[in-house]
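Shown next, in structure tokens, is the structure this report addresses.
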Amino acid sequence: MHWPSLLNSNQVYHRCSTGFRPWAIVICNIYFTDCNYYSLFQVCYQQYADDTQLFIALNPSDPSSANLTSCRHALHSWFCLNGMAPNPDKSDVILLGTRQRSRTFASVHSVDVAGCSVLLSINIKILGVTLDCHLSLDKHISSICKSAYYHTQSLRHIRSAITDDMAKSVASSLVCSRLDYANSLLFGTTQKNINRLQHVQNTLARVAASHTLPRGTRSSDILQDLHWLPIDQRIEFKLATLTYNILNSSQPACLRPLLNYHTPTRSLRSANTNLLSVPRVRTTFASRGFSIAAPTV
């Protein structure tokens, strides 16, 4: 959602995207921190460097969510009082959840934003990650593969004109950085998606590798020669690194409450090993959550 300023003739646009899911509703990303209406209506929020993300749980018995409706109207009034007006044409709404859970919200087709009905979107892009309505991340993987293959092909055209070290540097900066960006979200994704990314990495490795390697060298040997971890291990390494940083620095603070040390009910030798508690879940979908994924890595 964009909020054009009405204070002067020069319009200043503030990006704000909206959406929701069966257990959480992403309301908006806004460039303001002095608007505290989300706390008044018991709406959860997540603040980033330049925006704030709001979300609220949906009840199947009340898919309209009175708190969300009241919060939207309050935010609308707050922006209007501060010289801005919402632009529903730039707003996005998405319903996130499993296929089974989404069926319980079949009556939800749109969300009212500033008096205009905004239809549900199939996917939404947040912080460079494309989230689809079932969190399969298929579209996000497709976007990564498309971009990676383009840069790999460009590197292939100039490979003979650059040294091995330069080729590795270019490959790491242009392609590997895309494979590693937000890859912790891919934990628990389908093996098909992992294989697609692995094929991208294997193709890149053959382009960046030294020409002195035999033609029939296996991809795993080339990755080992380049000191590159396979895709699945890169995902686990990112999760492990993030978990270590949270436990030792409590940053990011929003993830720290999701990790708890295991406390055995009786005296055990493992009591002092700093094991993390793994919450019990009943679905594969829930096992992809950070509170479950981090302790199991």
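Observations on the model:
- Highest-first arrangement of 88-100, 193-205, where packing means the average Cβ count within 10 Å: 193-205, 88-100
- Of the peptides 116-124, 141-149, the order by per-residue mean of other Cβ atoms within 10 Å, starting with the highest, comes out as 141-149, 116-124.
- Each other residue within a Cβ distance under 14 Å of Y181 adds +1 if Lys or Arg and -1 if Asp or Glu, for a net charge of +3.
- Modelled spin labels at S169 and Q42, positioned 7 Å past Cα toward Cβ, are 5.7 nm from each other.
- Residues listed by number, the stretch 197-219, amide nitrogen under 19 Å from A161 label point at 7 Å toward C-beta: 207-209, 211
- Chain lengthening between S147 and Q251 when straightened (0.36 nm per residue, less Cα-Cα): 34.4 nm
- Note, ³J(HN,Hα) from phi for the stretch 285-291, Karplus 6.51, -1.76, 1.60, rounded to Hz, x at Gly and Pro: 4, 6, 5, 7, x, 5, 5
- Residues in the stretch 152-162 carry Karplus couplings, in order, of 5, 5, 5, 5, 4, 5, 10, 4, 6, 9, 10 Hz; the curve used is 6.51 cos²θ - 1.76 cosθ + 1.60 with θ = phi - 60°, and Gly or Pro positions show x.
- Virtual spin-label span in nm between T263 and C80, 7 Å along Cα→Cβ: 5.0
Since every read-out is calculated from the coordinates, none of them should be taken as a lab result. These figures come from a predicted structure and were not determined experimentally. Note that each Cβ is placed from the backbone with ideal geometry, even for glycine, and that neighbours are counted across all protein chains shown.
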